[in-house]
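What follows draws every value from the coordinates through simple rules; no lab data is involved. A quick note: this is a predicted structure, and the numbers were derived from the prediction, not measured. As a convention, Cβ positions derive from the backbone with ideal geometry for all residues, glycine included, and neighbour counts pool all protein chains shown.
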Amino acid sequence: MMEESPSRMPVVLQVLPALQGGGVERGTVEIAAAIVRAGGTALVASAGGAMAAGVEGAGGRSIVLPLDSKSPLTMWRNAARLAAVIRAEGVSVVHARSRAPAWSAWLAARRTGAHFVTTYHAPYGERPRLKRAYNAVMARGEVVIAISRYVAGLVAARHGVDPARIRVIPRGVDPAVFDPDAIGPERRAALARAWGVVDGQPILLLAGRLTRWKGQEELIAALARMRHREAVVVLVGGDQGRRRYAEGLTALAARLGVADRVRLVGHADDMPAAYALADVVISASTAPEGFGRVVIEAQAMARPVVATNHGGAAETVTHAATGWLVPPADAPALAAALDVVLDMPPAARAALGARARAAVQAQYTVAAMQRATLDVYRGLAGGR
């Protein structure tokens, strides 16, 4: 491929399994929008989905291929399909965001001479051993983008990647969208009615899909131990077919005598209002998260956060200054921290929220993520 001018935005092809809802997909759309604003061409190859409209609306182009398949034969054929796109569109940089399509994208980049970038989004499991080889494609980028220092350390340790090839680019939020001053009382009231909560009930919010490692069980167990018996736990997130797990959470709440104070409310379309309604936002993941966007979204909304002290959350929360960190899978410690937050006078809680929002605005915005990612693209296309 011809090298671009260092200042010119190249043609960039982002590759991921599908464009359904999720943090990876949202980041893909955000980067596509930034590429277009910078004068480049933004292509996104995936199996399609609801967020394809976001790519098109941002001025990019969605290319539908069966990239959600893990079939070796389909992955091999996808490599040829992507190579054809690269040649036809003059793609300079291919950015892979997930493992199965990354193998196809890597082969296509090798065949065409395009630059290959990856984003290592999570501490992928390595059992059985074959998983390590499968994961290794995410460490083959000329630049490997890690979404936290925690993930950067994993990439270097597991795959022997030279730290000079790793670029830490955290996820970001839009402070104009996640702005506590922009949430009117009608939006809060609508959610309160939907959730069945009333004035005076402290709301403990955990947002995330219903799956065991997200820590919903630990939060329900903590609720049963708290001094603040009026507090209500609201679990936001779909079960994605895990009905038995959701039913188990309801049964656990009943067994611990807190069934009347636990709400499983499903997906929330208005997350800024959900955070605004919450008194405390909890990230109780029992396994380390690569980053944890919920934490910075809640902090941008000036909400107190209690998070488990590992993974990306340990980087985005400053203990007792912008939130609290507790050991993972420790319901008594979580209960104690939640009681501490609810004991705080309103002025102290507001001051902590202001510090948390300021920290997000300084370090974890969409604009900062976009600038850093475009710099990677320009550097590769310009031969740097």
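The alpha carbon centroids of segment 8-62 and segment 198-214 are separated by 31 Å. Would you mind checking the tilt of helix 216-225 against the longest principal axis of the Cα atoms of the chain, expressed as 0 to 90 degrees and rounded to 10? Its long axis makes an angle of about 20 degrees.
Considering only Leu204, Gln363, Ala246, and ranking their Cα positions along the charge dipole of segment 180-363 that arises from unit charges at the beta-carbon of Lys, Arg, Asp and Glu, the one farthest toward the positive end is Ala246.
Could you give the dipole magnitude of the chain about its Cα centre, charging the beta-carbon of Lys and Arg +1 and that of Asp and Glu -1, in debye to the nearest 20? Intermediate results must be reported in sequence, preceding the final value.
On the way: 45 positive and 31 negative charges, 259 e Å.
So the magnitude is around 1240 debye.
Taking amide H as placed 1.01 Å from N in the peptide plane, Gly323 has its amide H under 5 Å from the amide H of Thr318, each at least 5 places away in sequence or on another chain. Dipole orientation for the chain: of the candidates Met344, Gly290, Leu73, Leu73 has the Cα lying most toward the positive pole (charges on Cβ; Lys, Arg +1; Asp, Glu -1).
Residues in segment 304-317 carry Karplus couplings, in order, of x, 10, 10, 10, 6, 8, 7, x, x, 4, 5, 8, 9, 10 Hz; the curve used is 6.51 cos²θ - 1.76 cosθ + 1.60 with θ = phi - 60°, and Gly or Pro positions show x. When DSSP beta bridges are restricted to pairs lying wholly in segment 34-178, around 0% turn out antiparallel. Rounded to the nearest 10 degrees, the inclination of helix 99-112 to the longest alpha-carbon principal axis of the chain is 20 degrees.
Specify whether the C-alpha gyration tensor of segment 142-236 places it in the rounded, prolate or oblate class, a ≥ b ≥ c being the square roots of the eigenvalues: rounded for a/c under 1.5, otherwise prolate if a/b is larger than b/c and oblate if not. The shape class here is oblate. Converting phi to 3J(HN,Hα) with the Karplus coefficients 6.51, -1.76 and 1.60 and the offset θ = phi - 60°, segment 119-129 yields 10, 8, 8, 8, x, 3, x, 10, 10, x, 4 Hz in sequence order, with x at every glycine or proline. Counting every alpha-carbon pair across segment 78-161, the share separated by more than 22 Å comes to 25%.
Our note on the geometry: Cα centres of segment 216-263 and segment 100-135, 37 Å apart. Summary of the geometry: segment 298-325 and segment 361-384, compared by the centres of their Cα atoms, lie 25 Å apart.
Give me the percent relative contact order of the chain, please, defined on Cα pairs under 8 angstrom at least 6 residues apart. Before the final figure, lay out each step's value.
Values: 784 pairs, mean separation 62.7, N = 384.
Relative contact order here is 16 percent.
Can you give the charge dipole size of segment 180-363 about its Cα centre, rounded to the nearest 20 debye, using +1 on the beta carbon of Lys and Arg and -1 on the beta carbon of Asp and Glu? Display every interim value, and only then the final one.
Values: 20 positive and 18 negative charges, 53 e Å.
Computed charge dipole of segment 180-363: roughly 260 debye.
Mean silhouette area of segment 236-384, derived from the convex hull of its C-alpha atoms and averaged over all directions, reads 11.3 nm².
Taken over the chain, the convex hull of the Cα atoms encloses 137 Å³ per residue. The angle between the Cα long axis of helix 149-159 and the main principal axis of the chain comes to about 50°, on a 0 to 90 degree scale. Other residues lying with their Cβ under 14 Å from the Cβ of Ala254 contribute a combined charge of 0, Lys and Arg counting +1, Asp and Glu -1.
Each Lys or Arg adds one and each Asp or Glu subtracts one; over the other residues with Cβ under 13 Å from the Cβ of Thr365, this totals 0. Amide hydrogen proximity for Arg61: with H placed 1.01 Å from N in the peptide plane, the residues at 5 or more positions away or on another chain lying under 5 Å are Ala42, Leu43, Val44.
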